[in-house]
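What follows is one structure encoded as structure tokens, with my remarks underneath.
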Amino acid sequence: MALPLRGASRSTVLRSRYIPRQQLTCYPSCRRTLFNLFRKPQVKAKEPAPILSQDNLFHPLSKSPFPPVRVRAEAIKKLAACPVCAAEHSHLHAHTKAQPKAVSFECPDCGWPTHCSEEHWDQDEEHAKYCGRLREVNEDEHDLRSGRKIREFELPGPQDSETAISFANWDVFWYTRGFPSMDTERSRRHASKLLTYPITIGSVLHEHSYLTLNNQRLTPEGSRSLAALRTTLHVPPGAPETEEASATKPEVRIFILGARAESSLPAHVWEQLHMLFPAAILHIFFVGPQVSLPDFAKSKKNMKNPKYVPNIYNPPTPPPIPVQKFTRQSIDRYNVPSYTTPYNHQLTITGMQANYVDVHAQFQETFDPYTDCFFLFNPGFGFPSPYSTDDAGNALLQIASPTEWGPVVPLLLATKCPIFVTGFSPADVERDVRSLSTAPGVAGEFDWVVTPGPNAFGSEKWEVNDFDPRVMLKLNWGIWGIRGQRRDIREKSSFSSIFS
Ligand SMILES: [Zn+2]
Ligand SMILES: [Zn+2]
């Protein structure tokens, strides 16, 4: 594929119609809020010297120069069991052997606590399979905190109108969007983790999506669903994608349900999603009990050293997000703890800290497949509920559980708007997809929009499970999509033209 040239004709006219220059590049706030990793660096004219040099990124976790890393090591030592003890335990009668011991020995090669003792570490031939990945994560974590200037997080301004964005993969995406070049695998991991949420959405909805009928990731039903949304997101063929074209367009609403870390991403990272659709007006809604709200009281206390909470499947509510210039409380509008940030005149972000079932009624009458869609990032449909059991006392799967997704998915299907879902791994995606066939109000009630498979815009960084460091996952590894089955093909006139 021939890549279009870029750079020579970047349109300063186009750029000047947008927000001020200082908002386009250089994002110190990103360091402060990205998953709370970046304590505010010293703001001085000169760049501070890095704390760690690039050849000094490996440290056993318990000896890390960074307190949050040491705290995590302590947490893992309490939570994870030695795999060699565990194997012995399962081979013998339970009553003849003590429970597996916790991990307290740190592997000298990866620096993670992995076994109860040096002896068991030495015996374990399996560890070599994941030691390399663990070492990679160790160095990534220290690199993020090393104090070097993280160029990967410098985000480009509006798209050059003469360059088409490609969504084939991260590399061509970054290239065609004018990101700084990602020269190392580590840079790719950092940048892909920062951008996976907005760009996963953009890559699905955009007219140049890699999910197509040809590669069978898109179904004919899905093609119709996305065609409807794209009439609102884009301009007619041949017309320029400009801000002016948005004047007559309705708002496109993207509902992100069960939002957690994604709700604490800085608004300028979400602006990257809008920059893919210069002619659209976007409203992003984060809804979920773990949505991060702005710290209106500006109590610094909350922002500092939040207690470490174990990760991945039950991650903690992210720390409060900074209050933007126009952020306002929205509790009067939505009747739940909430905020709205009109980030610019084409992008609004609303967060609601609530269960979706409690706010659905406010939107129920307004859903329209031409303007609305849902995204559920790593929702764990196929995981057992920690709260709800069936009559026999077995844990319900979360997709069928009244305390998790049970009441939600049928409501979403009833809107006929597309629902896109991501998963951590092939096994996670398969577990979630299988669970669809077991859930009342879901099984037999949906059509496929996007067939299950890898997400080209997943995070490339490994996330290590604190409960078992052998388990490593990637955020948004896979993606698929469904929508409610349409029985009545004669609905609204605007609707039937595309859906009949
Ligand atoms: Zn052991
Ligand atoms: Zn190791």
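No value in this document is a laboratory result; all are computed from the given coordinates. For clarity, every value in this text was computed on a predicted model and none was experimentally measured. We place every Cβ from the backbone using ideal geometry, glycine too, and count neighbours over all the protein chains shown.
Only the Cβ atoms of Lys and Arg (+1) and of Asp and Glu (-1) were treated as charged; on that basis the dipole of region 61-144 about its Cα centre amounts to roughly 440 debye. Taking 0.36 nm per residue of sequence separation and removing the Cα-Cα distance, the residue 49/residue 448 pair yields an extension gain of 138.4 nm.
Across the cross-link table entries 101/193; 129/149; 129/461; 101/129; 129/193, which are compared at the Cα atoms, the separations over 25 Å belong to 101/193; 129/149.
When N is the residue count of region 61-144, what does its C-alpha Rg come to as a fraction of 2.2 N^0.38 Å?
1.16
Under a 5 Å amide H cut-off, with hydrogens placed 1.01 Å from N, residue 105 pairs with 114, 115, 116, 117 among residues at least 5 apart or on other chains.
Look at the dipole of region 61-144 built from charges on Cβ: of 111, 69, 132, the Cα furthest out on the positive end belongs to 69.
Per-residue packing, averaged as other Cβ atoms within 10 Å, sorts the ranges 405-411, 245-251 into the order 405-411, 245-251, beginning with the highest.
The overall shape of region 313-369, judged from the alpha-carbon gyration tensor, is oblate: a/c is not under 1.5, and a/b is no greater than b/c.
For residue 209, neighbours were defined as the other residues whose beta-carbon sits under 10 Å from its Cβ, and their charges (Lys and Arg +1, Asp and Glu -1) total +1.
Just check region 388-459 against the gyration tensor rule for me: Cα atoms, a ≥ b ≥ c as the square roots of the eigenvalues, rounded for a/c under 1.5, and otherwise prolate or oblate depending on whether a/b exceeds b/c.
oblate
Rounded to the nearest 0.05, what FRET efficiency do residue 487 and residue 154 give with R0 = 45 Å and r taken as the Cβ-Cβ distance? Could you check? That pair, residue 487 with residue 154, gives E of 0.35. Listed values for region 267-282 are Karplus-derived 3J(HN,Hα) couplings in whole Hz (6.51 cos²θ - 1.76 cosθ + 1.60, θ = phi - 60°), namely 4, 5, 6, 5, 4, 4, 5, 4, 5, 7, 10, x, 9, 10, 10, 10, and x replaces Gly and Pro.
Put simply, the amide H of residue 375, placed in the peptide plane, has neighbours under 5 Å in 255, 256, 257, 420, leaving out anything fewer than 5 places away on its chain.
In this structure the amide hydrogen of residue 51, modeled in the peptide plane, comes within under 5 Å of the amide hydrogens of 147, 148, none closer than 5 places in sequence on its chain. Packing, taken as the mean count of other beta carbons within 10 Å per residue, orders the peptides 157-164, 200-207 from highest to lowest as 200-207, 157-164.
Between residue 181 and residue 99, the simple label model (points 7 Å from Cα in the Cβ direction) yields a spacing of 5.4 nm. Were the residues from residue 471 through residue 389 laid out at 0.36 nm apart, the gain over their Cα-Cα distance would be 26.9 nm.
With neighbour counts taken as other beta-carbon atoms within 10 Å, the residues 348, 366 rank, fewest first, as 366, 348. Hey, with R₀ at 41 Å, roughly what FRET efficiency would residue 438 and residue 295 work out to, going by the Cβ-Cβ distance, to 0.05? The value I calculate is 0.50.
Computed from phi, the 3J(HN,Hα) profile of region 408-416 under the Karplus parametrisation 6.51, -1.76, 1.60 (θ = phi - 60°) reads 7, 4, x, 5, 5, 4, 5, 6, 6 Hz, with x in place of Gly and Pro. Here each label is just a point 7 Å from Cα along the line to Cβ, and for residue 161 and residue 268 those points are 2.5 nm apart.
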